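Structure first, commentary second.
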Amino acid sequence: MTRIVVFFLAGLAPLTASVLAQAAEPACTYYKVNTSLLNISKEAAGGIYIDVLEDGEIACVTKQQKEGGRDRGYIAHKLQQPDGQVPVNGWSSLRYMKKLTADEAKSAGGGMAPSTQPKVASAPPAAKSPAVAMPSAPEKAVIKIRPEDALSFDQPVPFGPFPVNGQTLKKLAESIPMFPPLEGLDEALWKKNCSSCHKWDKAGLCQQGGTYINVARYVLRHQHPYGGAYKIALMRWAKSGCN
């Protein structure tokens, strides 16, 4: 009899651990992205961008806090149709998201019981180069940008840290970068006008921005001399039609 009880308790152990793990996970409050591109930062205070969400995507927010007088939410994952979740693990402004009702969240695929919760979708491998296996033409995504979110080549970028925020893409292409393209590179080799090393013209930058559109989270893993905000600005400009 004792042996049977021991076997029974041993069988319950994995189930108990699973239940406790689920109980420890913060509950999701589901929000719908209500802007063309929602910047996702590593920390609640922002600054270092790690991902972007697009208009209409459903995000699972597990905690909130105020930064600079604004409400920020930690997005654990986004829902991916028909039955998956994609990890996000970053912070964004709740100002550009619409909180869903319980019924809206359920119809979108959120709030399911643990036994039927969608499996986390496996992430594709990071691209070795922005030019590999990425779309070269941004035109197919132009319709996804809202008119109020469109960005032009000679319009100041309205987000991100210095020096991207407040500068135009045209000006940045001719300025001095903040970070080295490769860690440890001597300043004498990189801290000079961008045009001395690259001949970026409007057409070339448009194509580069187009390569970021479908793979932003993987492109943002790699350091850029102007930081992730510059890549997101190029992507928004490409989505706007490169005007």
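Assess whether residue 166 counts as being more than 20 Å from residue 55 (Cα to Cα), at pLDDT 85 or above and surrounded by fewer than 17 Cβ atoms within 10 Å (Cβ to Cβ). Break it down stepwise before answering.
Details: more than 20 Å from residue 55 (Cα to Cα): yes; at pLDDT 85 or above: yes; surrounded by fewer than 17 Cβ atoms within 10 Å (Cβ to Cβ): yes.
Yes.
Could we say that residue 240 is surrounded by 14 or more Cβ atoms within 10 Å (Cβ to Cβ) and at pLDDT 90 or above here?
Values: surrounded by 14 or more Cβ atoms within 10 Å (Cβ to Cβ): yes; at pLDDT 90 or above: yes.
Answer is yes for this residue.
Considering every residue within the stretch 25-44, establish whether at least one is free of Cβ contacts under 8 Å to residues at least 12 places away in the same chain, part of a strand (DSSP E or B) and either out of contact with any Leu (no Cβ under 9 Å at 6 or more places or on another chain) or over 22 Å from residue 230 (Cβ atoms) (or both).
No, the stretch 25-44 contains no residue that is free of Cβ contacts under 8 Å to residues at least 12 places away in the same chain, part of a strand (DSSP E or B) and either out of contact with any Leu (no Cβ under 9 Å at 6 or more places or on another chain) or over 22 Å from residue 230 (Cβ atoms) (or both).
Being charged (D, E, K, R), more than 13 Å from the chain's Cα centre (by Cα) and surrounded by 20 or more Cβ atoms within 10 Å (Cβ to Cβ) is the filter here; which residues of the stretch 66-93 pass it? Talk me through it step by step, then tell me what you get.
Looking only at the stretch 66-93, we keep the residues that are charged (D, E, K, R), and these are 66-67, 70-72, 78, 83.
Next, from what is left, pick out any that are more than 13 Å from the chain's Cα centre (by Cα): 66-67, 70-72, 83.
Listed by number, the list holds a single entry, 72.
Going by the structure shown, is residue 56 outside the structural domain of residue 212 (by TED's automatic domain parsing), at pLDDT 90 or above and not charged (D, E, K, R)?
Numbers: outside the structural domain of residue 212 (by TED's automatic domain parsing): yes; at pLDDT 90 or above: yes; not charged (D, E, K, R): yes.
For residue 56, the condition - outside the structural domain of residue 212 (by TED's automatic domain parsing), at pLDDT 90 or above and not charged (D, E, K, R) - is met.
Hey, residue 63 hits all of (1) over 22 Å from residue 236 (Cα atoms); (2) surrounded by 15 or more Cβ atoms within 10 Å (Cβ to Cβ); (3) modelled with pLDDT of 95 or more but one; which does it fall short on?
Every listed condition holds for residue 63 apart from (2).
The values are calculated or read from the model by the stated rules, or taken from the named source; none is laboratory data. The structure presented is a predicted model; accordingly, all values stated were derived computationally and were not measured. A quick note on method: Cβ atoms are made from the backbone with ideal geometry, for glycine too, and the neighbour counts reach across all protein chains shown.
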